[in-house]
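The values are calculated or read from the model by the stated rules, or taken from the named source; none is laboratory data. What you see is a predicted model; the values in this text were computed from it and never measured. Quick reminder, even Gly has a Cβ in these numbers, built from the backbone with ideal geometry, and neighbours come from all protein chains shown. Note: accessible area is taken over every heavy atom of the protein model, side chains too, but ligands, DNA and RNA are not part of it. Shrake-Rupley method; radii C 1.70, N 1.55, O 1.52, S 1.80 Å.
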Amino acid sequence: MGRITLDQVTKSFGEVNVIPPLDLTIEDGEFVVFVGPSGCGKSTLLRLIAGLEDVSSGQIRIDGEDATDKRPADRGLAMVFQSYALYPHMSVRKNIAFPMKMAGVPEDEQKRRIDGAAAALNLTDYLDRRPGQLSGGQRQRVAIGRAIVREPQAFLFDEPLSNLDAALRVGMRLEISELHKRLATTMIYVTHDQVEAMTMADKIVVLRAGYIEQVGTPLELYRTPRNRFVAGFIGSPRMNFIEGETAAAKGAFAVGVRPEHIAASTESGTWQGKVGVAEHLGSDTFLHVHDTGLADVLTVRVDGELPVRHGDRIFLTPEEDKIHRFDAEGHRL
Amino acid sequence: MATQHSRAAARLMISPAVLLLLGWMLIPLAMTIYFSFLRYNLLMPGMEEFTGWTNYRFFLTDPAFKAALINTLLLVGGVLLITSVGGVLLALLLDQPFWGQGVVRIMVIAPFFVMPTVSALVWKNMFMNPVNGLFGHFAQSLGLAPFDFLSQAPLASIIGIVSWQWLPFATLILLTALQSLDQEQLEAAEMDGAGPLSRFFYIMLPHLARAITVVILIQTIFLLSIFAEIFVTTSGGPGTASTNLTFLIFLETPAALRRGHGLGRGRGRDHPGQHRRDLPDADDRQEPGRVRMTRGAANRPQIRSARADRTGAPPAAAHASGGRIWRKMKVGEE
């Protein structure tokens, strides 16, 4: 009951082609994350599914039914906006009741659903407040509550956590994941933050300039990125890319090694360089190593206790079986 | 940091402004109240005497007072209703994307820059005049008898003219408010199943509430003192049909020579009708029988009033009782 299929969907604004022909299937109950740098068309894609933008050509099917020309309200989807888009002159209760009021749901049923959503989202004490009197996280929960009571076939989230501070973001991330486990409803989530994508998604769709670069589970994308773009985008800190002789020796135009797949030592190793900035996180330390002759800078994840300082000489050894090889066009070999 | 020293300095700094405000506003206000309790006649300086509430009693018991009060309320209420409803509708229209939007927006603001006197004269002579006016021509082309707006429906006509002047103001403020509405709210409402009407009443109108309040407050201040539009069109008539409080005060003070009148004193021996007949524009109020006046005749009163202005005599004073007083003054000076 929440299977969404995009069939050769395109979108252009005047001359500018934002989404080239695109096919994608989102299975019922999946948590799908659209991720990509800003301007890659991920929000546009979400708005096309929501019906807030008209497709230029192609077809959108929800549950096998053609929804391309349906009005947003008739598609059975609920959306949570980046700015929350709460109605400022209505109380929390009225905000949550609004979609039901528009749909003509009976009063007692409205009340039952509001109470249910409020209990699930810890909003019971705030039902009579205005959105202006709530904190960012509470507003976010009201927006989610407004989406839940519609009992939609799928939820659409448009960068919902980008206005929250770091601590709250982690908390809300968990809450949304938990909500998905409980409701088992299809969710489509747009973000530019690859950490959110990795932690929440069943399936990640990596987009660049409207094109789907790769679709897969978080670990598939991490282990076998299809090209250099995906390899660089997924994983934190970024993968190191080395071109030139070292890559040619392995029969590739470029090789990529993740920072966590390089062993560091003060005595011996394959490569050597000078320690630049060291970012101490406690559990780990990220070293930025210069003057290796391989790339401008290599990032290495080492144990938090490794005693190195700025300017020290350091030896690096990559794990051979974790090296990714790419050709000149950036495709995986 | 608000130390005692800085607070004292702040008081010192703002004191010139406060003193200026006192001088400019409080003293005239106090003097106005003081004079309103005097029998004060500019023709007999030094003869002022305290009369208690007499000036107020005279003004409030004036038979024209009740009519003027009702007219004022109708005028203000009517214009507010037309401009706020019309302003919201126009703002919604101008908010739509269409070709030439920028130019149209500027043109919509234009009526606000026309002087009230000028716009009222344009409406009176070019639109509402049953002989020369566009509306008259239009009615005749349809085979109907021209409607003499200013004598058949004087107050409604003035409400129309004033609304035309103030509609751009309301539109401008409301359009700005409408453009500040978060588009995501409208999209959210659309997703929530709200149609265009529901979106207007549940989302846009509450958002506009504050702007509408501002429009109503500012307009009320200016609409209570509408004068020029009445002066150049109907002169408050026929009878008291289009006399508002501001205009009644003007009628009660022939040439403002006897200051006490304007400050609340009754009209004494003079009858308002008498003044009104003396007004420069009185001839121009077209009774049904006089519709077919020649163009020259229709314009003459204005020419006369203009001449009266040039000679330095206030128009109302140039005739009858006011005129007599004025002439006496002149003689006295010589």
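If a residue has to be of a type in the set (A, V, I, L, M), in a helix (DSSP H, G or I) and within 14 Å of chain A (Cβ to nearest Cβ) to count, how many in segment B:189-238 make the cut?
Kept after step one, since they are of a type in the set (A, V, I, L, M), are these residues of segment B:189-238: B:189, B:191, B:194, B:197, B:203-205, B:208-209, B:211-212, B:214-218, B:221, B:223-224, B:226, B:228, B:230, B:232.
In the following step, the residues that additionally are in a helix (DSSP H, G or I) were identified as B:189, B:191, B:197, B:203-205, B:208-209, B:211-212, B:214-218, B:221, B:223, B:228, B:230, B:232.
With within 14 Å of chain A (Cβ to nearest Cβ) added as a condition, the list becomes B:189, B:191, B:197, B:203-205, B:208-209, B:211-212.
Residues flagged as of a type in the set (A, V, I, L, M), in a helix (DSSP H, G or I) and within 14 Å of chain A (Cβ to nearest Cβ) within segment B:189-238 amount to 10.
Just checking, does segment A:97-113 include any residue being of a type outside the set (Ser, Thr, Tyr), touching a Leu at 6+ places or on another chain (Cβ under 8 Å) and surrounded by 15 or more Cβ atoms within 10 Å (Cβ to Cβ)? It would help to see each step written out before you state the result.
If we filter segment A:97-113 for residues that are of a type outside the set (Ser, Thr, Tyr), which is where we start, we get A:97-113.
Filter again for touching a Leu at 6+ places or on another chain (Cβ under 8 Å), leaving none.
Checking segment A:97-113: not a single residue is of a type outside the set (Ser, Thr, Tyr), touching a Leu at 6+ places or on another chain (Cβ under 8 Å) and surrounded by 15 or more Cβ atoms within 10 Å (Cβ to Cβ).
Scanning segment B:1-52 for residues that are in a helix (DSSP H, G or I) and among the polar types (S, T, N, Q), which turns out most open to solvent (accessible area, probe 1.4 Å)?
Taking segment B:1-52 as the starting set, the residues that turn out to be in a helix (DSSP H, G or I) are B:4-35.
With the extra rule that they be among the polar types (S, T, N, Q), the set shrinks to B:4, B:6, B:15, B:32.
Working: B:4: 150, B:6: 44, B:15: 41, B:32: 60 Å².
Selected residue: B:4.
Would you pick out the residues in segment B:177-188 that are at the interface with chain A (Cβ under 9 Å from one of its Cβ atoms) and of a type in the set (Gly, Ala, Ser)?
B:188
Just to confirm my filter: which strands (runs of 3 or more DSSP E) fall fully inside segment A:237-322 and include at least 1 residues that are open to solvent by less than 80 Å² (accessible area, probe 1.4 Å) and among the small types (Gly, Ala, Ser)? Steps first, answer last, please.
Details: elements: A:240-243, A:254-257, A:262-265, A:271-280, A:284-290, A:298-303, A:313-318.
Output list reads A:254-257, A:262-265, A:271-280.
Which residue is surrounded by the most Cβ atoms within 10 Å (Cβ to Cβ), if the candidates are limited to segment B:239-266 and must be in a helix (DSSP H, G or I) and modelled with pLDDT of 70 or more?
Step one: list which residues in segment B:239-266 are in a helix (DSSP H, G or I), which gives B:245-252, B:254-256, B:259-262.
Checking which are modelled with pLDDT of 70 or more leaves us with B:245-252.
Numbers: B:245: 19, B:246: 19, B:247: 25, B:248: 23, B:249: 18, B:250: 23, B:251: 25, B:252: 27.
Only one residue tops the list, namely B:252.
Does residue B:79 satisfy being hydrophobic (A, V, I, L, M, F, W, C) and under 21 Å from residue B:150 (Cβ atoms)?
Working: hydrophobic (A, V, I, L, M, F, W, C): yes; under 21 Å from residue B:150 (Cβ atoms): yes.
It is true that residue B:79 is hydrophobic (A, V, I, L, M, F, W, C) and under 21 Å from residue B:150 (Cβ atoms).
Being assigned to a helix (DSSP H, G or I), more than 30 Å from residue B:208 (Cα to Cα) and either open to solvent by less than 30 Å² (accessible area, probe 1.4 Å) or not assigned by TED's automatic domain parsing to the domain that holds residue B:226 (or both) narrows it down to one residue among B:71, B:55; which is it? Break it down stepwise before answering.
Working: B:71 fails: more than 30 Å from residue B:208 (Cα to Cα).
One residue alone meets the criteria, B:55.
Tell me whether segment A:74-96 contains one or more residues that are more than 14 Å from chain B (Cβ to nearest Cβ), within 27 Å of the chain's Cα centre (by Cα) and crowded, with 16+ Cβ neighbours inside 10 Å. If you could, list the steps in order and put the result at the bottom.
Looking only at segment A:74-96, we keep the residues that are more than 14 Å from chain B (Cβ to nearest Cβ), and these are A:92-93.
Imposing the further condition that a residue be within 27 Å of the chain's Cα centre (by Cα) reduces the set to none.
No; the residues of segment A:74-96 include none that is more than 14 Å from chain B (Cβ to nearest Cβ), within 27 Å of the chain's Cα centre (by Cα) and crowded, with 16+ Cβ neighbours inside 10 Å.
Residue A:54 passes all but one of (1) crowded, with 21+ Cβ neighbours inside 10 Å; (2) under 27 Å from the mean Cα position of the chain (by Cα); (3) within 14 Å of chain B (Cβ to nearest Cβ); which number fails?
Checking residue A:54 against (1) crowded, with 21+ Cβ neighbours inside 10 Å; (2) under 27 Å from the mean Cα position of the chain (by Cα); (3) within 14 Å of chain B (Cβ to nearest Cβ), the one that fails is (1).
Against the condition at pLDDT 90 or above, part of a helix (DSSP H, G or I) and in contact with a helix residue (DSSP H, G or I) (Cβ under 8 Å, 6 or more places away or on another chain), how does residue B:163 come out, does it pass? Don't jump to the end; show me each part of the working.
Values: at pLDDT 90 or above: yes; part of a helix (DSSP H, G or I): yes; in contact with a helix residue (DSSP H, G or I) (Cβ under 8 Å, 6 or more places away or on another chain): yes.
Criteria met by residue B:163.
Can you find a residue that is free of Cβ contacts under 8 Å to residues at least 40 places away in the same chain and within 30 Å of residue A:96 (Cα to Cα) anywhere in segment B:134-149?
No - not one qualifying residue is present in segment B:134-149.
Just one of (1) away from chain B (no Cβ under 14 Å); (2) open to solvent by less than 30 Å² (accessible area, probe 1.4 Å); (3) outside any helix (DSSP H, G or I) trips up residue A:128, so point out which.
Failing condition for residue A:128: (2).
Residues of segment B:208-220 being surrounded by fewer than 19 Cβ atoms within 10 Å (Cβ to Cβ) and not polar (S, T, N, Q), which ones?
Applying the first criterion (surrounded by fewer than 19 Cβ atoms within 10 Å (Cβ to Cβ)) to segment B:208-220 yields B:209-210, B:213-214, B:216-218, B:220.
Listed by number, the residues that qualify are B:209, B:210, B:214, B:216, B:217, B:218.
Of B:101, B:96, which residue is polar (S, T, N, Q), without any contact (Cβ under 8 Å) to a residue 60 or more places away in the chain and surrounded by fewer than 11 Cβ atoms within 10 Å (Cβ to Cβ)? Steps first, please.
On the way: B:101 fails: surrounded by fewer than 11 Cβ atoms within 10 Å (Cβ to Cβ).
After applying the criteria, what remains is B:96.
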